[in-house]
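None of the figures in this text is laboratory data; all of them are computed from the coordinates on show. Fair warning: this is a prediction, and the values are worked out from it, not measured in the lab. Every residue, glycine as well, gets a Cβ built from its backbone with ideal geometry; the counts of neighbours run over all protein chains shown.
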Amino acid sequence: MAGPVTSGRSIDLAALRRRVDAALAEFLTDRQDRATATGHPHVAAAVLREFLGAGGKRVRPLLCMVGWHAAGGHGSRAPAERVAAALEMFHAFALIHDDIMDRSSTRRGVATVHTAMTARFARHHPAPTAEHLGRCIAMLVGDLALSWSYELVHTAGLSADQLGRVLPTMHTMHTEVMHGQYLDLISTARQDCDAPDPFTVIHYKTAAYTFERPLHIGAALAGAGQNILDACTAWALPVGEAFQLRDDLLGVFGPEQSTGKSVLDDLREGKHTVLLCLALGRADRHGGDILRTLVGRPDLTEEEAARIREVLVATGARQAVEEMICDRSNAAREALDHAPLPARVREALHAIARAATDRTT
């Protein structure tokens, strides 16, 4: 029987996370056992278990469950928790592929999947072959995570009516994040403000994908009306923007021991963030030359990155982004104050917003 996830009138977010993690572990154990029984390779399940076990905020699963509570979800929580787990499985797919595209070597303080696979093949193959095999295997593991995310939903014990409400929103979410990734990739190739609006990228890759749609999916499971969905959106979009703006700052200025990711990665990739766009628009000729010459260099050194950071600070871009985070956090709090949501749901969303925007990881 499902354990309690509320304490008095409060939603126990830590308990929700544990139950989602348990659902993921149970599913992956079953897939490893099936692979062993059928003589199939079980490396994918093992790699995904290790990847998911390395950390992660579980923002999407938590919001899915909070959305379920927001719409008055009742009865067994197990189906909703399995859908919430499916969102984290989908996110594993997205991150594994994202790391390949960004050529990132670390994620959550450990080697990315393609880097770890490359190291495994390097024992027996020359570097170019090992790197190619590592990327290919990581792509396959990511593809399997995508497939398994849908399997988690379809084996969650949902009614036909629930599936009819949830699947369209999931399909929309998946399409939106792919649009966002596309825009992010083509933005990286441009070092000017004529590139796609970074806020459009944020909307699709983070605000909708990470905050709005998971809330909508959980609420849809419980049969939410449009007023609940609208209230979720009014909170989610500003929080999602604030979350990504904080992520952009941490990607350049954050402590690596906390973020688990190199602070050189975004600069080497030339990520066209709001932070960079502001600096490009405000920099003098010397500062602009530094940004255009150094940002996007795959061999960028720490000393060169320090020069970029000096420009980001001197132009006021860093401070401007901090102010944007504050403005959006305030907008989200105001939206909650007027939301037709239970008090414990508002409390949980306030806690998630604080964790999302006042963070060092």
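Where a ≥ b ≥ c are the square roots of the eigenvalues of the C-alpha gyration tensor, would you call segment 233-316 rounded, which needs a/c under 1.5, or, failing that, prolate if a/b is larger than b/c, or oblate? Because a/c hits 1.5 or more and a/b fails to exceed b/c, segment 233-316 counts as oblate. Taking a label point 7 Å from the Cα of TYR150 along the Cα→Cβ vector, which residues of segment 159-180 have an amide N closer than 19 Å to it? Zone members listed by number: 159-179.
Listed by Cβ neighbour count within 10 Å, with the fewest neighbours leading, VAL43, VAL295, VAL59 appear as VAL43, VAL59, VAL295. A value for volume of the Cα convex hull per residue in Å³ was derived from the coordinates, and within the list (1) 145; (2) 183; (3) 134 it appears as (3). Each peptide in 210-218, 322-330 was scored by the mean count of other Cβ atoms within 10 Å over its residues; highest first, the order is 210-218, 322-330.
Each residue of segment 43-54 was assigned a 3J(HN,Hα) from its phi angle through the Karplus curve 6.51 cos²θ - 1.76 cosθ + 1.60 (θ = phi - 60°); the sequence is 5, 4, 4, 5, 5, 5, 4, 5, 5, 5, x, 6 Hz, with glycine and proline shown as x. Counted by neighbouring Cβ atoms within 10 Å, the residues TYR209, TYR182 run from fewest to most as TYR182, TYR209. Residues whose amide H lies under 5 Å from that of ARG107, counting only those 5 or more places away or on a different chain, are THR112; hydrogens are built 1.01 Å from N in the peptide plane.
The helix-only estimate of mean residue ellipticity at 222 nm for the chain, built from DSSP H runs of length n ≥ 4 each weighted as -39500 (n - 2.57), is -23500 deg cm²/dmol after division by the residue total. Spacing of the modelled spin labels on PHE253 and VAL110, each 7 Å from Cα toward Cβ, amounts to 3.1 nm. Straight-line cross-link reach from LYS261 at under 18 Å between alpha-carbon atoms covers these lysines, not counting any fewer than eight positions away in the same chain: LYS57, LYS271.
Which FRET efficiency, nearest 0.05, do ALA78 and ASN330 yield, Cβ-Cβ r, R0 25 Å? About 0.10, to the nearest 0.05.
Taking 0.36 nm per residue of separation and subtracting the current Cα-Cα distance, fully stretching the chain between ASP284 and GLN226 would add 16.0 nm. Look at CYS136, CYS232 and count the other Cβ atoms within 10 Å of each Cβ; fewest to most, that gives CYS136, CYS232.
Taking θ as phi - 60° and the Karplus parameters 6.51, -1.76 and 1.60, the scalar couplings of segment 22-32 work out to 5, 5, 5, 4, 4, 5, 5, 4, 4, 5, 5 Hz in sequence order, x denoting glycine and proline. Peptides 270-282, 100-112, 235-247 ranked from most to least packed by the mean count of surrounding Cβ atoms within 10 Å: 235-247, 270-282, 100-112.
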